[in-house]
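Following: one structure in structure tokens, then a few remarks.
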Amino acid sequence: MAGRGLKSELTPPPQPRTSADHSCPLTAVSLSSAGDITQKGYEKKRAKLIGAYLPQPPGRVEPSVPLERRAPVTPSSSSRYRRCSSGSRDERYRSDVHTEAVQAALAKHKERKMAVPMPSKRRSLVVQTSMDAYTPPDTSSGSDGEGSVRGEDTPTSSQGSLSMERWISRAIHGSTTSSTTSSSSTQSGGSGAAGRLADVLAQTHVENHSAPPDVTTYASEHSAQVEQPPVSAGSRPATKYGNAELMETGDGVPVSSRVSAKIQQLVNTLKRPKRPPLREFFVDDFEELLEVQQPDPNQPRPEGAQMIPVRGEQLGVVTNWPPSLEAALQRWGTISPKAPCLTTMDTNGKLLYILTYGKLWTRSMKVAYNILHKLGTKQEPILRPGDRVALVYPNNDPAAFMVAFYGCLLAEVVPVPIEVPLTKKDAGSQQIGFLLGSCGVTVALTSDACHKGLPKSATGEILQLKGWPKLLWFVTESKHLSKPPRDWFPHIKDANNDTAYIEYKTCMDGSVLGVTVTRIALLTHCQALTQSCAYSEAETVVNVLDFKKDVGLWHAVLTSVMNMMHVISIPYSLMKVNPLSWIQKVCQHKAKVACVKSRDMHWALVAHRDQRDINLGSLRMLVVADGSNPWSISSCDAFLNVFQSKGLRPEVICPCASSHEGLTVAIRRCAPYRWSWSPPGRGVLSMQGLSHGVIRVDSEEKLSVLTVQDVGTVMPGAVLCVVKSEGVPHLCRTDEVGELCVCSVATGMSYYGLSGMTKNTFEVFPTSTLGAPISEYPFARTGLLGFVGPGGLVFIIGKMDGLMVVSGRRHNADDIVATALAVEPMKFVYRGRIAVFSVSVLHDERIVVVAEQRPDATEEDSFQWMSRVLQAIDGIHQVGVYCLALVPSNTLPKTPLGGIHLSETKQLFLEGSLHPCNVLMCPHTCVSNLPKPRQKQPEIGPASVMVGNLVSGKRIAQASGRDLGQMEDNDQARKFLFLSEVLQWRAQTTPDHVLFTLLNSRGTIASSLTCLQLHKRAEKIAALLAERGHLQDGDHVALVYPPGIDLISAFYGCLYGGCVPITVRPPHPQNIATTLPTVKMIVEVSHSACVMTSQAICKLLRSKEATAAVDIRTWPPVLDTDDLPKKKPLQLHKPSNPDLLAYLDFSVSTTGMLAGVKMSHAATSAFCRSIKLQCELYPSREVAICLDPYCGLGFVLWCLCSVYSGHQSILIPPSELEVNPALWLLAVSQYRVRDTFCSYSVMELCTKGLGTQTDSLKSRGLDLSRVRTCVVVAEERPRIALTQSFSKLFKDLGLHPRAVSTSFGCRVNLAICLQGTSGPDPTTVYVDMRALRHDSDVPETAEFGIFQILPGVRIIIANPETKGPLGDSHLGEIWVHSGHNASGYFTVYGDEALQSDHFSSRLSFGDTQTVWARTGYLGFLRRTELTDASGERHDALYVVGALDEAMELRGMRYHPIDIETSVIRTHKSITECAVFTWTNLLVVVVELDGSEQEALDLVPLVTNVVLEEHYLIVGVVVVVDVGVIPINSRGEKQRMHLRDGFLADQLDPIYVAYNM
């Protein structure tokens, strides 16, 4: 049935025309139906095709009136157009009908008001910006004038009429975004288009907005399209960035910034309905299965009968055909030595050299003799018959190549022609080297000039190229060779099954294979070509193709010699200078045959206008080598259209289909007599059908059609069939697309050295639907996709190598390129420099388009073009492009003949070394197989069965540390309720015992305190507070000191004076403006009655910079403790009740919230006792502390524990490590410390700063073998990677890996877990990420450190929503009950509800009596196999992350650290990463430690890894400088500060990409 439909559409091309008929436009050719088409018919057809997409003018137009009149494009009238379309326009893909279809598809998109926020780029990255980017909003783009200028560029618009292109250009200019190249220092107003665009969006989704959209920037031309809402336009100045002023953050805080406007734009764009999602295939809550592509029930299916293999005509045996090619050469070389064989040209088109058959014969013999007898010795020749030899000749020296090639054939060695390696880094050169190595090549034949040009070392030796075997280079110029003796003749045999030559083939993945061709195949192929092309002796052939391989080699080097033809070779370098050179040579030599590619035809079209006297009447055959490319049809048509008046006959154009494996598969025959010529076949096929592998004839009214031409019939002596391209080689149906297979003597024989691949390609036995083989002879797969049409005509629609299977549909890379090229205006990118390939992301192929951008293109132009390309591909092919990247001109890797090296480009893209200058990612539109968003599952509720400690068959997740009350120890401090009493007792009993030693950056003791010194100093401070501060009991005092001894004295001074101390980090002298306000805020929020500090900080607070940041008059009284009174207070304060406030602990959480918690005297003492027991601290011990002493466990260890336990604390301020990174470890070694505490920042500094110095540290005597516990103090999930690399790094210095562990605390309880001395080893479990996202049972793959619970602490895991207890290994919130819990938040506002919820929660069922504090962290408990000191099995706590930080996306809970870990691994230049969400978009900020050119490489890599590992689509990728991500004193990322900075446009990013 389909076959019948096809026949009617396979129409003949236009008949030869009279000269008067020549004004018919080019475009008409591909619209042609039977016979010719008139201008009027053309208009009608065209109007029908795109009429639906044109705006209807207000007055109704009569349907009969064409929508538009076009000036017919005659050869002369089109010259104006061609002049502006530059000589490099790649016409392989040019099709005017296709261009119009693309334009119409774009117009359709415009009606949907597609909007893509434009990426922001730092100035230094913008190669060349237009003045546009700097102009104020109201004067910028979108005016009518600009549209009309664009219109004039197009050849088709006549003045005074509504032109299609102009209309589109207006539509696009009116509604796409514009460039805003931004940096925080130089803010530039974005152009008005951005504003209008955001507003158009705001209009379409007004219900999603909290504020009415702004319309102040609308130009008058838009008033017709958009109804203005009631907003007084004059009342507000024109907004700077679209609707930025109206934005609100997620919390409803208004944000005025360009960034947020763009994000909102992105959000709105993403709300637009997408293509319907694939049908889900979803099993179980924990089995996060990706959606599997289900076949579409409506997709077209093949309906035809099974195809019948097509037989070529009989290969006629002509009596005078030679028995082998060498015999032919010998015959012509001796009979007609003067006959010209090859004429070569120089770059100016001057005749360089004529090689006669006599010279070819004698020189080939000379080469044969020399390679057999002059290499090596007589006994040990280097080459023997059958050995492989590389032929390395430049593209402008066919004569030397031909001599060497026939020399090899005569010597019976196997030539392997390859390209000349110009540099060590040629694209694909390494793979060529591998091929030579696997072929066992040891000798390379080359020409003199080429030998001189090879890359050489300083000594003049030829460099060993990467991946290449060691080669002996042998120059074949006659003057270097010795003459063969008179009696020496080569042994000329009949053609046999020995290998004649090996042709290299580059695969899709970049690997290079060698296809072997036997001597019999070589001869048979020449005979078949002679028969099909009707070659005869002494014919002249003009060849533009590469003579080293493929069609160029077969016609111009092999078949030509068999028939004693004369070849005129046109080098590629001459074509670049003079594209008409081949046509001139055809005229000059009255050539009968020319071998070209469609590119050469196009170049001739562009240049032909300067020529008068062209006559192509002598041509009887124009072989189009890439006729199998579906897009070559337009070049053929256009060429015929222009040159028919110059004597070119339509039947002369002969496209052929060839492949490395099948050699020539089919060729259109030249008609020997005019009357016998039958017009070629045409097929107008539906792209939709082709993507399902089915042939459906389509009407040209459809946008997405592919017009294909036939490539003639099967070669003589061959059988051709079409088989399914994947799986078992079953024959296809007649209306099904498959891979062409050929059975013939004249095909390749094998892939050299690869028997498995050879079997799959060259030994295929096609089977019928019943499973029976159709032939006893093997077929060879050609790698060409196509079908056999009526009359045995072969149609090719693409190559297996260019096939991309996306969501089950097949797309051809060439088709995508053609669509991209049809998007006007093309002046921003180079036509011939577009690469299309697919990458595998999230179990499906994704299409990537890479193009080279012209240096004069502005950011905005390029971005505009990119958005249009995306829309066009989506409209025509119904497939989303995953990534579109533009790279600077001339940076894509090239093949030797100047094309793009595809696999190398793909490799660069995947490893992040492509360095694009513009990137547009569209994961939202093309990733449709994400798992379904999760619905919440009901958790265990009060109705669950509770049996003892089991919930639903699981042990309840609760655990506790050792019981403080039960533990017997000789703890004297226990008898005191207050820490101040413990100090007084120590001052009396052990006055000279040193409690604190402070080290400076040189590692020497800066100061120290004994028990008595601390007591005396504290007394004086208490007196100071009473005298000068006039403070009452319970007043709050802010202690603003650098880390040191003064801070400790001041703290105990406050306790002695009855005041409540608050430790505050002092402002940073180099950064007062940002650090001083934080100090002031804590002083205010904590209600401090006075500030105590040192003299230096006093001066700092009064300095000019400080007064500029904070008014000095707003501070409470500031007391300087460097000047203390001599006398001590009358009496020391003793609190009346242990539950009274001892001190306030203020800290900024990772979410950027400042929170102060209240610590009572009882809690403080319990805390110190718990740590003393866990770490076994006694007066004889020394502990090294390298922490900030301002909050949490850091403060407790620095100031309190030594006084309670009596051990000596060696204090190392972390800031000193910036001067001397080894300070901490040297101190630990020098003082033989057994227990040490540090922060992640300190550990990171040591890992990064000392990584290379372990040997020198060892030689300085650094020894860490005594360290028993090295604890990292933190309030986050353990950073396993960091602790492990630290352990590994310092293992050589004696550090035991089990010594390194992590503590865990939070605001409600400053230390819940701490690795003690007697506990089990710290361990890690591997947890499945998916389970974490689902908050479910935790099976074991992310890494988590184990925590050991402190004595006196009880823990339970509860559901944060229902507050019910959870089972073992279940993820939930960690709740804690302990004597050292904080007693509440200290707030100004009195948030009682929050207070009771966080500090005094009860379970909803089970043990409802115990009062718990909620930590706000997610984790789980698991009983391990380890035992503790008492022999009990150990309950381990695993912390996953803070609830506040967790991100709810797609119904699942994600922890930023998991995504960040994935992102940091993707590229060597990413040093740090932070993620946050904004309006349900995931924003990833990465710090780039490398050149800014790498910034855009990161965008696809980051998007890929988050998709692959977390099933999330990244909304925005922000690339910033190192150090931009804010980090607090504990080394934790401040993601919310980062978010605020990003939204307020304060990050000065290098690049911001908005993923579509």
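Here the stretch 492-522 is the region considered, the condition is being closer than 28 Å to SER438 by Cβ and more than 49 Å from the chain's Cα centre (by Cα), and the residue that is surrounded by the fewest Cβ atoms within 10 Å (Cβ to Cβ) is ASN496.
Please go through the stretch 822-842 and pick out each residue that is touching a Lys or Arg at 6+ places or on another chain (Cβ under 9 Å) and at pLDDT 90 or above. Passing the criteria: ALA835, PHE837, SER838, VAL839, SER840.
Mind listing whichever residues of the stretch 881-894 are open to solvent by 10 Å² or more (accessible area, probe 1.4 Å) and part of a loop (DSSP other than H, G, I, E, B)?
Once the filter is applied, which keeps residues that are open to solvent by 10 Å² or more (accessible area, probe 1.4 Å) and part of a loop (DSSP other than H, G, I, E, B), the stretch 881-894 yields SER889, ASN890, THR891, PRO893.
Filtering THR747, THR769 for residues that are open to solvent by less than 30 Å² (accessible area, probe 1.4 Å), over 35 Å from the mean Cα position of the chain (by Cα) and among the polar types (S, T, N, Q) leaves a single hit, THR747. Taken over the stretch 978-993, residues that are part of a helix (DSSP H, G or I), farther than 18 Å from ASP1046 by Cα and open to solvent by less than 10 Å² (accessible area, probe 1.4 Å) amount to 1. Could you look through the stretch 424-447, keep only residues that are within 14 Å of VAL392 (Cβ to Cβ) and either open to solvent by 30 Å² or more (accessible area, probe 1.4 Å) or polar (S, T, N, Q) (or both), and pick out the one that is modelled with the lowest pLDDT? Looking at residues that are within 14 Å of VAL392 (Cβ to Cβ) and either open to solvent by 30 Å² or more (accessible area, probe 1.4 Å) or polar (S, T, N, Q) (or both), I get ASP426. Within the stretch 1249-1267, is even one residue in a helix (DSSP H, G or I), in contact with a Phe, Trp or Tyr (Cβ under 8 Å, 6 or more places away or on another chain), among the polar types (S, T, N, Q) and surrounded by fewer than 20 Cβ atoms within 10 Å (Cβ to Cβ)? Yes, the stretch 1249-1267 contains at least one residue that is in a helix (DSSP H, G or I), in contact with a Phe, Trp or Tyr (Cβ under 8 Å, 6 or more places away or on another chain), among the polar types (S, T, N, Q) and surrounded by fewer than 20 Cβ atoms within 10 Å (Cβ to Cβ). Has the stretch 813-821 got at least one residue that is modelled with pLDDT of 90 or more, open to solvent by less than 10 Å² (accessible area, probe 1.4 Å), assigned to a strand (DSSP E or B) and not basic (Lys, Arg)? No, the conditions are met nowhere in the stretch 813-821.
Just to be sure I understand, how many residues within the stretch 889-922 are of a type in the set (Lys, Arg) and in contact with a Ser or Thr (Cβ under 9 Å, 6 or more places away or on another chain)? Final tally of qualifying residues: 1. The set of residues in the stretch 780-791 being open to solvent by 20 Å² or more (accessible area, probe 1.4 Å), over 39 Å from the mean Cα position of the chain (by Cα) and at negative phi consists of VAL788, PRO790. Determine, yes or no, whether GLU1508 is open to solvent by 10 Å² or more (accessible area, probe 1.4 Å) and either among the basic types (Lys, Arg) or under 14 Å from the mean Cα position of the chain (by Cα) (or both). Yes. Here are some residues: TYR752, TYR777, TYR830. Which one is open to solvent by 30 Å² or more (accessible area, probe 1.4 Å), of a type in the set (Phe, Trp, Tyr) and within 30 Å of PRO923 (Cβ to Cβ)? Going through TYR752, TYR777, TYR830 in turn, the sole match is TYR830. Out of the stretch 1375-1414, which residues are under 46 Å from the mean Cα position of the chain (by Cα), assigned to a strand (DSSP E or B) and at pLDDT below 90? Once the filter is applied, which keeps residues that are under 46 Å from the mean Cα position of the chain (by Cα), assigned to a strand (DSSP E or B) and at pLDDT below 90, the stretch 1375-1414 yields only TYR1385.
Scanning the stretch 1084-1138 for residues that are under 25 Å from LYS1016 (Cβ atoms), acidic (Asp, Glu) and either open to solvent by less than 40 Å² (accessible area, probe 1.4 Å) or touching a Ser or Thr at 6+ places or on another chain (Cβ under 9 Å) (or both) yields a total of 2.
Let's see how each residue does on (1) in contact with a Cys (Cβ under 7 Å, 6 or more places away or on another chain); (2) of a type in the set (S, T, N, Q); (3) over 30 Å from MET1447 (Cβ atoms):
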| residue | (1), (2), (3) |
| --- | --- |
| LEU1076 | no, no, yes |
| SER1086 | no, yes, yes |
| ARG1102 | no, no, yes |
| LYS1128 | no, no, yes |
| GLN1131 | no, yes, yes |
| SER1149 | no, yes, no |
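Restricting SER1239, SER1265, SER1285, SER1229 to residues that are in contact with a His (Cβ under 8 Å, 6 or more places away or on another chain), at pLDDT 90 or above and of a type in the set (Gly, Ala, Ser) narrows the list to SER1265. Contact map, the stretch 347-361: first residue among the β-branched types (Val, Ile, Thr), second residue open to solvent by 70 Å² or more (accessible area, probe 1.4 Å), Cβ cut-off under 9 Å, separation 6 or more or different chains; pairs are THR347/ASN396; THR347/LYS576; THR347/VAL577; THR356/LYS338.
For the stretch 572-588, the candidate set comprises residues that are of a type in the set (S, T, N, Q) and open to solvent by 30 Å² or more (accessible area, probe 1.4 Å); within that set, the residue that is nearest to VAL544 (Cα to Cα) is SER573. Looking across ALA1474, ALA1495, one residue alone is of a type outside the set (S, T, N, Q) and either part of a strand (DSSP E or B) or surrounded by fewer than 22 Cβ atoms within 10 Å (Cβ to Cβ) (or both). It is ALA1474. Here VAL1519 passes the criteria (1) open to solvent by less than 20 Å² (accessible area, probe 1.4 Å); (2) over 18 Å from GLU1445 (Cβ atoms); (3) under 12 Å from the mean Cα position of the chain (by Cα) except the one numbered (3).
Counting the residues of the stretch 1026-1071 that are hydrophobic (A, V, I, L, M, F, W, C), assigned to a helix (DSSP H, G or I) and open to solvent by 10 Å² or more (accessible area, probe 1.4 Å) gives 3. Among the numbered conditions (1) modelled with pLDDT under 95; (2) open to solvent by less than 10 Å² (accessible area, probe 1.4 Å); (3) within 24 Å of THR347 (Cβ to Cβ); (4) in contact with a strand residue (DSSP E or B) (Cβ under 8 Å, 6 or more places away or on another chain), the only one that ALA604 does not meet is (4). Once the stretch 645-687 is narrowed to residues that are in contact with a His (Cβ under 9 Å, 6 or more places away or on another chain) and over 29 Å from ARG612 (Cα atoms), the residue that is modelled with the lowest pLDDT is MET687. Of all residues in the stretch 451-461, those satisfying the criterion of being more than 38 Å from the chain's Cα centre (by Cα) and either over 21 Å from ILE382 (Cβ atoms) or surrounded by fewer than 18 Cβ atoms within 10 Å (Cβ to Cβ) (or both) are LYS452, ALA458, THR459, GLY460, GLU461. Reported count of residues in the stretch 994-1025, each being open to solvent by 60 Å² or more (accessible area, probe 1.4 Å) and more than 20 Å from ILE1210 (Cα to Cα), is 2.
Among the residues of the stretch 1439-1459 satisfying the criterion of being under 21 Å from ALA1274 (Cα atoms) and of a type in the set (Gly, Ala, Ser), which is farthest from the chain's Cα centre (by Cα)? Top of the filtered list is ALA1442.
The values are calculated or read from the model by the stated rules, or taken from the named source; none is laboratory data. The structure presented is a predicted model; accordingly, all values stated were derived computationally and were not measured. Glycine gets a Cβ as well: all are built from the backbone with ideal geometry, and neighbour counts include every protein chain shown. Quick note on the areas: whole protein, heavy atoms, side chains included, nothing else; ligands and nucleic acids left out. Shrake-Rupley method; radii C 1.70, N 1.55, O 1.52, S 1.80 Å.
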